[in-house]
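For reference, the structure is listed below as structure tokens.
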Amino acid sequence: MDPRIAGLYLSDLNMLVNVGGRERNREDFAALCASAGLVVTSVTALPAPNAFSLIEAAPA
């Protein structure tokens with residue numbers, strides 16, 4: 001397995017198990033941002049091999 005991709009899985013596992021995190025979808029991030037007085041303005045998938053997206057938010 002490509003070590004860069006293996007690191008992505010370990011990053012998610014670390015977040016989920018060790019610090020009580022959870023996976024979130026766009027709607028979850030929109031609600032989280034709204035509770036902070038922000039609105040999600042765009043979500044852009046990062047190029048392969050990344051499995052992440054860039055979320056942009058601005059004041060509501």
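Taken together, the values in this text are just the output of simple stated rules run on the coordinates, not laboratory data. Just so it is clear, the structure is predicted and the values come from calculations on it, not from any experiment. So basically every Cβ, Gly included, is an ideal-geometry build from the backbone, and we count neighbours across all protein chains shown.
Figures for the structure shown
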item: Charge tally in the Cβ shell below 15 Å around T44, where Lys, Arg are +1 and Asp, Glu are -1, T44 excluded; result: 0
item: Pairwise FRET efficiency - V39 versus N14, Cβ, R0 = 22 Å, nearest 0.05; result: 0.15
item: J(HN,Hα) series, the stretch 16-21, from Karplus relation 6.51 cos²θ - 1.76 cosθ + 1.60, nearest Hz, glycine and proline x; result: 6, 8, 8, 10, x, x
item: Contour minus Cα-Cα distance for A60 and R22 (0.36 nm per residue); result: 11.2 nm
